[in-house]
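The values are calculated or read from the model by the stated rules, or taken from the named source; none is laboratory data. Note that the structure is predicted; figures quoted are calculated from it, not measured. Note that we place each Cβ from the backbone using ideal geometry, even for glycine, and neighbour counts take in every protein chain shown.
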């Protein structure tokens, strides 16, 4: 370095030092230091956060896939290519058919697919398919960002490999866990399969919307055939682009509606056509087609190529196949979940989890090559469905107009009366046969297993009478009260709204299906939650208030039950009180013949054998003389059958459930919509709802017996178990007969469960009684009641008995023994009439020849009428007798008499002039009397209560002193004679009882076709 250069360097250094000493330089130096330090700090923090975030992300990703099993190459290949295996169904040990898939799929090889299809798939679904290793990272991060930010734009990021994994190994569940597994498995699959194999598998499994029949299709071959009626190899560019665009939104872009609604209209086709144009544009952009090909395809009218619909064949087998497949899926879902450590209860409660395993189970059922063995006896199934198809009394086919949600068009929907029926084996619970509906094409719902409806009066044996016997409240013949009551706003009535039968036996109440008696009995035990018995018998749709609502006793459940559930509950009574779950799948074998599922019968004791038999014996009467007697009369073979009918409000539903020792059969009729009535317009010609179910039930049973007589076992009878005894009791109280009860002829006998109840306590209800009739109802006579109107010498009941029988629900005590009651001729209720204390209103009288008639007094406490001639009382007419009186000459008036003895003002006077006497003729010596030949010597008096002097005789029930004689049932000493039904003072069997001591239903119990539901 020269001196000059050295000097120059020194000068520069001096200048730099000078600058450094300036304030500006000092500030700059400090700022730059701070900035550098901050840069280093943020760099370190950023690096730390990046590492931390990556670690957390990796850890989170690892946690998401932690439970995913590590599949081998063969396992993954098998699962991906499993679309070829179809399960089979067997009945009676013989092959029936292959599983009917909800998705129509046909396998095709890659070389048999049009190149246009392959290029369209590349362009729209996976542009980098031939270069990526299963996933495209930037697409994954883009999708994650859109999801986290809740972006309106969702571009998606799944490769063909990922879609294959989702459809064949995982589910459509939307969750980070499923996505993480999908990414991991997609990368793994790329190591086990070639790109050609992955593409071929994708084209065979991906959903492509619907075919021309409205059925779902999957796979390019089925899509080409179902949409264009071509093979996948024959598709032109426009057709290939249309189909390739469908998977993004299958049901929006498909050209067909579901079901049999056919091709969409022009507006409905627009989304699919626009999607086709998008696919063509993408193909042009990615240089799979030229500009010329693009323009030609855009101008092509794709709508002319759509296939016309061809109705898919449907038959009764569709109901059978559907039901077997549904049950198989449920079984496999439980099995797969159990293998994953998830119990049945959790699976049932967790809807999302249940959905996941149901998808896996359905996939397994369709693709794993199972042999599914059903309990259904095809001969019985066909016999029942033959009857169903040929039955002519279903009712009127109505219709409703509804707006199609997809098209916006109004369509008229035909609504035939639907049917559901189930035949069960009592011991095992096997579903031997069923009827799912009238026509699978009209309605695919299985009305035997999927439709829940209120059970009406068929619930009474299960929820009221069986629990009451089980709890020891009643025996078969114990008295129950059929009298109206009001509980808040609830005021129920019998099927005949005006009917109140008073005190009747439980057997009679069930035979004629009395609502009031059932409700009162149910109220006595509702706090013991009898609905829990229904739960044990398989009712799956009970809600909280079904356990506490009084109306449940009449079938007023929120949802009710299916035909299968109701039939299964009745089979509990047939099976000595043991319930066995109904089932349709006997066993499932895998493709190698190994049994992977075998049903096990696990009985649950619901009722004691004694209770089950007593209720069965009561239901025998329903079939013999009650609401199911029409059914039994139409059977062409003799069978020991117990049955119960039922209808719901407005006759929306009609049921008949019954059983013999071997099988139980349940039948339901009703419209699809519960607002429609089986007795609505157009239905009168088909008979009552109950008569139709009776007729159909009988035809089913006749066909079943003809097809498999050994299954029905017509000679088999129910066996009375030990502990069921026949005991005598006082018919009005249910207690042990007392001397007074016996003397009054009120002793009855019937079956009891000796383990829980016997009538041991002596009856204490009967007292001597005198009664009076007010408008047809008998009340206790008051001290002031005129003796002419009193019926004395009978028996009555005390107030404690009345209070006990009416219970907390109360009611009109005078209705306990109505006139038509079997006890009415012997017992007075003891009810006191609430007299108003006012004199009754007067009446209007008139003469019709020699007969005096008058109008009824409008007062409500009138017990009869006095008839006067002048000022003398000449006649007494009691309540219920004709308002007329034979008269001669004189001036007559009538007064009404009330229960307290008060009389009304006299009626208007009616005067009859005396006849002018004829001259006497000398009698003919050849006769012994007058010319009338009857031995009388004078003119015949105008009526029986006048003498020869035309003066009125005393009333018929009085002596010459006008005082009443003792009543007809009394002796000369005024004391009552023994009751007419027992010359020795001991009761004879009641008039309505049979030789077996069991009471027959009263004449007013109905014609057997109506049903006392009204709930």
* helices (runs of 4 or more DSSP H) contained in the range 113-226 and holding at least 3 residues farther than 25 Å from residue 359 by Cα and at pLDDT below 85 -> 137-148
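For (1) in contact (Cβ under 8 Å) with a residue 12 or more places away in the chain; (2) over 28 Å from the mean Cα position of the chain (by Cα); (3) assigned by TED's automatic domain parsing to the domain that holds residue 207; (4) closer than 27 Å to residue 164 by Cα, each residue gets a yes or a no:
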residue: 344; (1), (2), (3), (4): no, no, no, no
residue: 348; (1), (2), (3), (4): no, no, no, no
residue: 354; (1), (2), (3), (4): yes, no, no, yes
residue: 358; (1), (2), (3), (4): yes, no, no, yes
residue: 373; (1), (2), (3), (4): yes, yes, no, no
residue: 380; (1), (2), (3), (4): yes, no, no, no
residue: 383; (1), (2), (3), (4): yes, no, no, no
residue: 386; (1), (2), (3), (4): yes, no, no, no
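Of the residues 638, 649, only one is out of contact with any strand residue (DSSP E or B) (no Cβ under 9 Å at 6 or more places or on another chain) and under 21 Å from residue 570 (Cβ atoms); which?
Details: 649 fails: under 21 Å from residue 570 (Cβ atoms).
One residue alone meets the criteria, 638.
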* To do: Taking only the range 855-872 into account, find how many residues are surrounded by fewer than 17 Cβ atoms within 10 Å (Cβ to Cβ) and part of a strand (DSSP E or B).
  => 1
* In the range 640-651, how many residues are farther than 11 Å from residue 698 by Cβ and either in contact with a helix residue (DSSP H, G or I) (Cβ under 7 Å, 6 or more places away or on another chain) or crowded, with 24+ Cβ neighbours inside 10 Å (or both)? -> 7
* Could you figure out which of (1) assigned to a loop (DSSP other than H, G, I, E, B); (2) more than 29 Å from residue 92 (Cα to Cα); (3) in contact with a strand residue (DSSP E or B) (Cβ under 7 Å, 6 or more places away or on another chain) isn't true of residue 412? => (1)
* Structure fact -> Scanning the range 653-675 residue by residue, the ones that are touching a strand residue (DSSP E or B) at 6+ places or on another chain (Cβ under 6 Å) and part of a loop (DSSP other than H, G, I, E, B) total 2
* How about the range 714-730: which of its residues are surrounded by 16 or more Cβ atoms within 10 Å (Cβ to Cβ), modelled with pLDDT of 95 or more and closer than 30 Å to residue 431 by Cα? -> 718, 720, 721
* Answer yes or no as to whether residue 321 is in contact with a helix residue (DSSP H, G or I) (Cβ under 7 Å, 6 or more places away or on another chain) and either modelled with pLDDT of 95 or more or not assigned by TED's automatic domain parsing to the domain that holds residue 231 (or both). => no
* Asked: Does at least one position in the range 52-72 carry a residue that is surrounded by 10 or more Cβ atoms within 10 Å (Cβ to Cβ), farther than 30 Å from residue 173 by Cβ and at pLDDT 65 or above?
  -> no
* Out of curiosity, is residue 233 farther than 29 Å from residue 81 by Cβ and either part of a loop (DSSP other than H, G, I, E, B) or in the same structural domain as residue 169 (by TED's automatic domain parsing) (or both)? -> no
* Asked: Do the conditions hold for residue 733, that is, is it part of a strand (DSSP E or B), within 30 Å of residue 614 (Cα to Cα), modelled with pLDDT of 90 or more and not assigned by TED's automatic domain parsing to the domain that holds residue 522?
  -> no
* Structure fact -> Listed by first then second residue, the pairs whose first member lies in the range 261-289 and is free of Cβ contacts under 8 Å to residues at least 40 places away in the same chain and on the phi > 0 side of the Ramachandran plot, whose partner is part of a helix (DSSP H, G or I) and surrounded by 15 or more Cβ atoms within 10 Å (Cβ to Cβ), with beta carbons under 8 Å and at least 6 positions apart or on separate chains, are none
* To do: State whether the residues of the range 805-824 include one that is part of a strand (DSSP E or B) and either closer than 30 Å to residue 384 by Cβ or under 43 Å from the mean Cα position of the chain (by Cα) (or both).
  => no
